[in-house]
1. What pairs come out if I take residues in the range 10-22 that are closer than 12 Å to M303 by Cα and pair them with residues that are assigned to a helix (DSSP H, G or I) whose C-beta lies under 6 Å away, six or more apart or interchain?
2. Under 7 Å by Cβ, and 6 or more places apart or on different chains, what pairs join a residue from the range 240-265 that is exposed (fewer than 15 other Cβ atoms within 10 Å of the Cβ) with one that is in a helix (DSSP H, G or I)?
3. Taking the conditions exactly as written (at pLDDT below 95, of a type in the set (S, T, Y) and buried (at least 16 other Cβ atoms within 10 Å of the Cβ)), does T476 satisfy them or not?
4. Using beta carbons and a limit of 6 Å, which pairs, at least six apart or on different chains, have the first residue in the range 294-307 and more than 15 Å from S337 (Cβ to Cβ) and the second one of a type in the set (F, W, Y)?
5. Filter the range 121-161 for residues that are over 12 Å from W175 (Cα atoms), part of a strand (DSSP E or B) and of a type outside the set (F, W, Y) and give the result.
6. Restricting attention to the range 395-407, does a residue exist that is farther than 20 Å from M309 by Cα, among the hydroxyl-bearing types (S, T, Y) and surrounded by fewer than 15 Cβ atoms within 10 Å (Cβ to Cβ)?
7. Got at least one residue in the range 7-18 being in a helix (DSSP H, G or I), over 25 Å from L101 (Cβ atoms) and not hydroxyl-bearing (S, T, Y)?
Amino acid sequence: MGRPNILWICSDQQRWDTLGCYGNTWVNTPNIDRLALGGTRFDHCYAQSPVCTPSRASFLTGRYPRTTRCRQNGQDIPDSEMLVTRLLADAGYTCGLAGKLHLSACNPTVTPTMERRISDGYSEFHWSHDSEPIWPTNEYHTWLQAKGASRELRPHPECEYISLGPEPQDHQTTWCAEKTIDFVEAQESSPDPWLFSVNIYDPHHGFDAPESYLERYMDRLDDIPLPNFILGELDNKPPLQGHDHEKGHERYGLPYKVMSDRDHRFVKASYWAMCDLIDTQTGRILQALERTGQAENTLVIYMSDHGEMLGDHGIYLKGPYFYDPAVRVPMIISLPSSISPRINTDLVELTDLAPTLLDAAGLLRYPGMQGQSLWPVLSDQESVEPATREDVYCEYYNAMPWHQNPSAQTTMIRTHTHKLTVDHKNNTGELYDLNADPYETYNLWHDSGAVADKTEMLTRLCNRMAWTVDPLPARTANW
């Protein structure tokens with residue numbers, strides 16, 4: 001059937017456990033669940049950063065944040081970095097995007113029009129960094145204005161930590177779907193393969209689901225599980241986490257210690273409701289593929305750039321911590337013509353996506369990539385590379401401006417049985433036995449009985465950090 005089309009759906013700040021196919025019985029996500037049933041669902045996929053820009057730079061290049069030199073929000077990706085979308089465009093793919101890119105600084109007081117772009121390969125570019133009406137080039141708001149609508153947020157009468165957002169027909173998620181459907185329909189008779197990035201802003205904070213989607217949780221609000229937090233668990237964890245537990249984040253608040261049980265449940269309901277809306281609009285996009293006869297030869301990816309703490313361990317949003325809610329993300333890959341349905345429990349990284357797409361398109365691997373192609377696993381082929389990873393690696397280097405004095409520098413290594421993080425600023429860290437403590441509650445960093453495990457994990461971390469060295473420029477001679 002030739003090279004596959006690629007539909008790349010990336011939500012923003014979505015935990016892996018927010019979909020029915022990952023075991024969540026509260027949400028309503030039948031379309032993504034159906035996608036998972038027909039493709040490969042990766043149960044242990046990890047972002048390389050818990051923050052947007054470093055993660056996006058990483059999975060679009062197949063390189064680690066420190067290698068791309070794009071380690072922070074508010075930082076510009078260097079012009080020399082090669083995105084997989086550029087490589088595909090150079091090989092004949094028509095590439096488009098709707099929604100967020102966030103590979104460069106996005107501050108309207110500094111860059112008043114839109115974010116700076118490098119040679120990214122997108123010939124169709126519908127940019128909407130977020131849902132706020134502060135960018136003159138935010139196409140979502142141009143769309144709203146054209147239909148005589150606006151993004152009006154209303155305070156929730158019972159919870160100060162969430163808002164009532166616009167109804168589904170006026171939502172940024174819906175706009176992303178509309179632009180995607182337009183693109184898919186326009187490509188129906190094209191002889192060339194295509195890639196389209198659907199970069200939805202939700203379920204990123206603020207928590208502002210449409211009232212009609214939030215309503216389905218209201219009659220059982222009191223039954224919604226509270227965040228995973230045990231009083232006193234922060235006493236032996238790095239100090240930055242206690243700060244977020246006490247005060248929350250500067251702009252958005254969400255101080256765990258101040259919020260009531262009902263507040264926590266309202267926030268979770270709003271977050272889940274945003275995920276439900278994403279599923280509805282994903283369903284519309286998948287229907288467009290079917291309607292235009294392109295479903296069989298379109299590789300569909302559903303993923304997120306990183307997770308959301310959602311009150312677990314007394315923390316909301318994101319920061320210099322690597323609990324699974326912050327860095328473990330959903331990832332589903334489907335291609336009816338080539339991929340058999342399965343559940344994959346291997347450890348995989350988002351860095352693996354870029355080389356996977358090149359493999360799927362029959363293109364040579366770019367020499368700067370550090371990820372490991374998943375295509376041999378997806379397509380049941382033999383590979384010279386190991387089929388599975390022994391560990392996954394994440395990093396946070398001064399990634400957000402509110403963790404200062406001095407900046408937070410933290411790294412993580414995770415195997416199937418243990419997780420270790422190091423707070424390089426305070427010379428401390430965390431160690432978890434994931435078999436005995438899957439919710440990462442009891443820090444064994446100072447436990448004398450865990451010295452051997454700690455030593456083994458520190459060695460692993462050191463080795464993975466060594467392998468983040470840039471493979472470029474490539475060697476051209478023996479001497």
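The values are calculated or read from the model by the stated rules, or taken from the named source; none is laboratory data. Quick caveat, the model's predicted, so the values are computed rather than measured. All Cβ positions, glycine included, derive from the backbone under ideal geometry; neighbour counts span all protein chains shown.
1. These pairs meet every condition: S11/I278; R15/P325; W16/Y22; T18/C275; L19/I32.
2. Final answer for the pair search is K257/H245; K257/E246.
3. On the way: at pLDDT below 95: yes; of a type in the set (S, T, Y): yes; buried (at least 16 other Cβ atoms within 10 Å of the Cβ): no.
Considered against the rule, which asks whether it is at pLDDT below 95, of a type in the set (S, T, Y) and buried (at least 16 other Cβ atoms within 10 Å of the Cβ), T476 comes out as no.
4. Correct list of pairs: I301/W8.
5. Passing the criteria: E124, R154, P155.
6. Within the range 395-407, none of the residues are farther than 20 Å from M309 by Cα, among the hydroxyl-bearing types (S, T, Y) and surrounded by fewer than 15 Cβ atoms within 10 Å (Cβ to Cβ).
7. yes
One line per residue, one yes/no per condition, for (1) in contact with a Leu (Cβ under 8 Å, 6 or more places away or on another chain); (2) among the small types (G, A, S); (3) at pLDDT below 95:
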site	(1), (2), (3)
P54	no, no, no
T61	yes, no, no
T67	no, no, no
C70	yes, no, no
E81	no, no, no
A98	no, yes, no
C106	no, no, yes
V110	no, no, yes
E132	no, no, yes
